[in-house]
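Every number here is computed from the coordinates shown, using simple stated rules; none is lab data. Keep in mind that what you see is a predicted model, and the values were worked out from it rather than measured. Note that each Cβ is placed from the backbone with ideal geometry, even for glycine, and that neighbours are counted across all protein chains shown.
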Amino acid sequence: MKLALILPLLIPLLTAVACILGGASRRAQRMLSILGAGALLAAGVWLLREVDAGGIQAVQLGNWPAPFGITLVADLFSAIMVAITGFVALCVGIFALANIDPARERFGFHPLYHFLLLGVCGAFLTGDLFNLFVWFEVMLMSSFVLLALGGERPQIEAAVKYLTLNFIASGLFLTALGILYGQFGTLNMADLAVKLRDQPAGVALSSAMLLFVAFGIKAGVFPLFFWLPASYHTPPVAVSAIFAGLLTKVGVYALIRVFTLIFTADPATTHTLIVAVSVLTMITGVLGAAAQYEIRRVLSFHIISQIGYMTLGLGLFTTAAIAAAIFYVVHHIIVKTNLFLIAGAIGHVRGTGELKRLGGLYHAYPWLALLFLIPAMSLGGIPPLSGFFAKFALVKAALDLPSYWPVVAALAVGLLTLFSMTKIWAEAFWKAEPEGETRGTRGGVPRLMLAPIVAMALLTVAIGFFPGTLLDLATRAAGQLMNPNLYIEAVLGRAG
Amino acid sequence: METTLAIVIGGLYAISFYLMLRRSMVKLIFGLMLFSQAVNLLIFTAAGLTRGQPPIIPDGANALPVPFADPLPQALILTAIVISFGMLAFTLALTRRAHSTLGTDDLDQLGKSERP
């Protein structure tokens, strides 16, 4: 039994259960929540080290040999995702202590938060498509409740939309699984990859497209993203930050997994479609953001446009491009979560996120302004921050192919992203505050809010100064993804 | 049998999507319910129908007599039923709350509070 693979699932589960048992005491729940998130980060880093040193790890649960039992697999990509999940979980967990009101805590915020993390980690580690579906549902169920928890009118409206579209995505996912099982008699990813290899190219196209739509809805790609900007700005900031950081990335992870391992027979059809969809996603997302005047709505549209960059890396389908996509995912999780947290800090001191009602923050909170600039410039792709190297790697991979149109789109969208960020900067930080605004605490930013923002900003700068370390790791992860035999051998114990 | 079921499944998908596209919240819930049933039937049918041949090794034999019914799709469907049951229970609670908060059954009224 390889403990490193089980721990990222065990820790959130036990934390969630412990939080429920400690339900009466708010203090105990808060301590347990932070402890659990910290332990998850440690487990994630340990898993990453194990996988980096020993290659792809696999565990057959209950000792049923693959493809009959449930398999947990961690290759470098999964391990990176689990580690970064732990980091974000800890940061947002700390922020939540200052952000979530006691009523929401009493109604189970902390257990739900850890069930959400359980679903996310499970989705990253499973080696079986049906199991992936189950983890998705664990994650979605918690996210539904987290989104609706509190029951404010905008939250309820958002939850209905979010729930309906995700319900449909799950149904399509399951439809694809039914067809795949009917055709090939297995849902183990490695086994499917082996069985599909000897088939003519078009035979699994219907399931591939169904999965593309299902994961696309979850990732928020064009034209399936409408639930995202309709819902992400309504719950408390800690909730929307963890959603923004992790949930769409689970969709991206699932897309990268199935389209590098299973559906690789006909890249001229599938991956070209992914490139086209990615470019449209980038453009629509960034144009949507330009029309918004509420910080979290602007940021929500930017999630969509950035998702386009990640799936573009998948669509180009070379080792360098997929490495760039992985780099981009890591960079984006950190930066986007941080921007949401900063929006939360602004909301705390000014009581609103409406750009028209904000102003003068640079004078009142110069440090917060600096902390905003780091992730904002990184998102726009200004060197020497993490976003620059993410975009650089992606553009270079596209030029090497050569594939020029996506490059034009990527660069133009980068410029427009910068425009949106300067819009927030000019409106919220630079211009004078409109008269008569007295909402918010007007006091200092609580330390519990500031600490995670600083930690994430420091990591952004660190990636910017030492991009080689992460890019090297991402390249090795992409190397594993582009050579599915390694994965198949680790799971099935024999060469495919 | 497969042909009949295929037509039934197709019909269920069509009906469920039609219901989901209506403006009424109640019809949306019915649509989601039928959708999950249609998916379960699809898994059941796509995996192949074998009647009267349970996957049990008879006394004295040491292998399954072919053909036998595949038990795995049934396990998958059972899991899917449990999950969709939980989801639908939550959907019902949420729509009830939405109905009492918004005071309407019309989905087009969603988000009205945010529009200028």
Rounded to the nearest 500, what is chain A's calculated 222 nm mean residue ellipticity when only DSSP H runs of at least 4 contribute -39500 (n - 2.57) each, over all residues?
-> -25000 deg cm²/dmol
Cα pairs beyond 16 Å in the stretch A:50-113, in percent, come to 64
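Pull out the extension gain between A:ILE6 and A:LYS356, defined as 0.36 nm times the separation in residues minus the alpha carbon to alpha carbon distance; nm, one decimal.
121.2 nm
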Dmax and Rg, reported as Rg then Dmax, of the stretch A:222-276 (C-alpha, Å) | 14.7, 44
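Calculated from DSSP H runs of 4 or more alone, at -39500 (n - 2.57) each and per residue, what is the 222 nm mean residue ellipticity of chain B, nearest 500?
Working: 3 runs with 73 residues, N = 116.
For chain B, the value works out to -22000 deg cm²/dmol.
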At a Förster distance of 35 Å, what's the computed FRET efficiency of B:ARG51 paired with A:ASP198, Cβ-Cβ distance as r, to 0.05?
-> 0.70
Once Lys and Arg get +1 and Asp and Glu get -1 on their Cβ, which of A:PRO402, A:GLY464, A:PHE222 lies farthest toward the positive end of the dipole of the stretch A:3-492?
-> A:GLY464
Could you give the nm distance between label points at B:THR4 and A:VAL408, where each point is 7 Å from its Cα heading toward the beta carbon?
-> 5.8
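What do the square roots of 5 times the Cα gyration tensor eigenvalues come to for the stretch A:3-492, in whole Å, largest first, as semi-axes of the equivalent ellipsoid? Walk me through the numbers on the way to the answer.
Working: eigenvalues 238, 135, 82 Å².
For the stretch A:3-492, the ellipsoid semi-axes come out as 34, 26, 20 Å.
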Of all alpha-carbon pairs in the stretch A:303-362, indicate the percentage at a distance above 20 angstrom.
-> 45
Please express the Cα-Cα pair-distance distribution P(r) of the stretch A:294-441 as a list of whole percents, one per 5 Å bin, running from 0 to the bin with the greatest distance.
-> 2, 10, 20, 21, 15, 11, 8, 6, 4, 2, 1, 0
Dipole of the protein assembly as shown, positive end: most advanced residue of A:VAL17, A:LEU418, A:ASN63 [Cβ charges, Cα centre] | A:LEU418
The stretch A:210-250: radius of gyration over Cα atoms, expressed as a fraction of 2.2 N^0.38 Å = 1.18
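Suppose the chain between B:ASP105 and B:PHE85 were pulled fully straight at 0.36 nm per residue; how much longer would it get relative to their current alpha carbon spacing? Walk me through the intermediate numbers first.
Values: separation 20, 0.36 × 20 = 7.20 nm, distance 2.23 nm.
Difference between extended and current length: 5.0 nm.
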Excluding residues fewer than 8 places away in the same chain, name every one of the lysines whose C-alpha is closer than 25 Å to that of A:LYS161.
-> A:LYS218, A:LYS249, A:LYS336, B:LYS27, B:LYS112
Computed from every Cα-Cα pair in the stretch A:144-240, P(r) in 10 Å bins starting at 0 and rounded to whole percents is 15, 36, 23, 17, 8, 0
For the pair B:MET33 and A:VAL45, how long in nm is the line joining their label points, each one 7 Å along Cα→Cβ?
-> 5.1
Along each principal axis, Cα extent of chain B, largest first, Å | 75, 26, 19
